[in-house]
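Data block below; observations after.
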Amino acid sequence: MIHAYDKFYLPDMMKKMGFAFDFAVNGCNLLPDSFYDFFIMSKVAKAIESGSPVFVCGCSGTELVLNVFERVGYSEQIDDNFFSFDRSPEYWAGWILAYYQWETNLSFSKIRDYVPFSQVIGMYNPLHEAPREKFLDVMNKIIQEEKNHKGTNLHQLRKAAGLTQKELSELAGVNLRTLQQYEIGGKDINKASGKTINSLAQALHCNFYDIMDLDLCE
């Protein structure tokens, strides 16, 4: 699996994300899921997924939050008494999600579709004392169960985009019958050519890995 940025930067990215979510929720009095939505809407999440040096190694957690606010046009109300002196559940949730996103290459948006940020915070007890790999296993199991319930990623993404199978076929330049087989699981989309998956991802405005149905439990 190819990662957007080197593992050398991951510990710092995890700390930065932890502080960012702690600051946004406890320092700016935002609901956890509201800031997570801002994080995605601002495209800061996508920049991190792409390994942007600006966010991976060129800013602090506070600067990350203020950048998000500026991009979505939100006027922050900062609590002057806020001081992060310990790992809050929000800090841990941001910290561990940075790890999970890097390990799986799932987009932050796709992670949210399966597990809301508030639910991740709810995993603080007892997982904050467990090895990071334990969280990875728990999240993979939750997401795999949700995927089994909702159908293939391609089906979900097409529906969310408001496209018919024929429209997506034309946009992506993929044979309609082949597309239908990928969508119902008759053909394994993980074995499709990189060109096909990339064309579908571009047509649906999503991440390459969002299209694939990776078995995260393996």
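The values are calculated or read from the model by the stated rules, or taken from the named source; none is laboratory data. Owing to the predicted nature of the structure, the values given are computational and were not obtained by experimental measurement. No Cβ is skipped: glycine too gets one built from the backbone with ideal geometry, and neighbour counts run over all protein chains shown. Just so you know, the surface numbers come from the protein's heavy atoms only, side chains and all, with ligands and any DNA or RNA stripped out. Shrake-Rupley method; radii C 1.70, N 1.55, O 1.52, S 1.80 Å.
Worth a mention:
- Once the Cα atoms are used to define both axes, helix 89-104 deviates from the longest principal axis of the chain by about 30 degrees.
- Note: relative contact order over the chain, using C-alpha pairs below 8 Å and six or more positions apart, is 21 percent.
- Neighbourhood net charge (9 Å Cβ-Cβ; Lys/Arg +1, Asp/Glu -1) for residue 24: -3
- Rounded if a/c under 1.5, otherwise prolate or oblate - the stretch 1-127, Cα gyration tensor axes: rounded
- By accessible area, using a 1.4 Å probe on protein heavy atoms only, the chain has 50% of its surface on carbon and sulfur.
- Probe 1.4 Å, protein heavy atoms only - accessible area per residue of the stretch 33-97 in square angstrom: 52
- Along principal axes, Cα extents of the chain, largest first, whole Å: 60, 37, 30
- Rounded Å value of the spacing that divides the Cα centres of the stretch 150-172 and the stretch 101-143: 26
- Which listed pairs, of 147/187; 141/195; 16/46; 166/187; 110/159, have C-alpha distances above 21 Å, in listed order: 141/195
- Net charge of neighbours whose Cβ lies under 14 Å from the Cβ of residue 53, counting Lys and Arg as +1 and Asp and Glu as -1: -3
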